[in-house]
Amino acid sequence: MSGYRYKRVLLKLSGEALMGEGSFGIDPHVTERLARQIKAISDDGIEVGIVVGGGNIFRGLAGSASGMDRAQADYMGMLATIMNALALQDAFEQQGASCRVMSAIQMNEVCEPYIRRRAMNHLAKGDIVIFAAGSGNPYFTTDTAAALRACEIGADCLIKATKVDGIYDMDPVDNEEAVRFESISYREVLVRGLQVMDATATALSQDNNMPIIVINIDGEDTIKRALAGEPVGTVVYQED
Ligand code: UDP
């Protein structure tokens, strides 16, 4: 694993990242491309855990906005992440990679339950581990689940792969003059209210000194370059 700065990574993939150019669901070309990129890193000896979102299928907040009970809607959101996890696992297996899905909501017919020590063993053996069903609790997001799992498995960094290539001082979609940070402290992210991760995920990472790297999901080898310490996105760090 020469050339890498980090040995164990927790990668957060948003559900939206899986739908490609579509507006819903899973694009098999995208899962294939992601699986190829991530397998290459795993083959280099990097231990990879993944938390996948569910926003391409269902979000609890959208459900509650249309009148559903929030907790009930959040459970539906968590089930959506399991579907995404199974699609990703399939893509990994088609590439010949060994991949486990561990769910925070037990669903023994389709995947393993999340057991931290077992997850650590899988990672140490070189299996790619996908953590499904978020944290298993309503009122949370998969960003927070990613920060939590990153801390639990002793990851060296948390990479959030999104549709944007880093953290900007304002929304780059609506503002041409938006400027991207190469690095920024957790405190500044929280004080400025930057929409990179929800505040719970940022605060949990800050409390546990977990570096966050925000990168664009679309590049061919962006994840590898981020793990090598190249300035491909934005690094969120602890202030001295
Ligand atoms: N969710 C939850 N608890 C968790 C993680 C996720 O209740 O620990 C639900 C929540 O309703 C959320 C949905 O699952 O809207 C999908 O996750 P998220 O919105 O984080 O997915 P992403 O935006 O990354 O696609």
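Of the residues Leu18, Leu13, only one is within 16 Å of the ligand (Cβ to nearest atom), at pLDDT 95 or above and surrounded by 20 or more Cβ atoms within 10 Å (Cβ to Cβ); which? Criteria check complete, one pass: Leu13.
Looking only at segment 85-97, filter to residues that are aliphatic (A, V, I, L, M) and more than 16 Å from the ligand (Cβ to nearest atom); which one of those is surrounded by the fewest Cβ atoms within 10 Å (Cβ to Cβ)? So the residue we want is Ala97.
Residues that are within 20 Å of Ala155 (Cα to Cα) and part of a helix (DSSP H, G or I) within segment 36-49 comprise Gln37, Ile38, Lys39, Ala40, Ile41, Ser42, Asp43, listed in sequence order. For segment 65-84, a residue qualifies if it is among the acidic types (Asp, Glu) and near the ligand (Cβ under 8 Å from one of its atoms), and exactly one does: Asp74. Set side by side, the residues Arg5, Arg33, Arg100 differ, and just one is away from the ligand (no atom under 15 Å from the Cβ), in contact with a His (Cβ under 6 Å, 6 or more places away or on another chain) and of a type outside the set (Phe, Trp, Tyr), which is Arg100. Candidates are the residues of segment 107-163 that are among the polar types (S, T, N, Q) and over 18 Å from Ala17 (Cβ atoms); the one that is nearest to the ligand (Cβ to nearest atom) is Ser135.
The values are calculated or read from the model by the stated rules, or taken from the named source; none is laboratory data. Remember, it's a predicted structure, so these values are computed and weren't measured experimentally. Note that each Cβ is placed from the backbone with ideal geometry, even for glycine, and that neighbours are counted across all protein chains shown.
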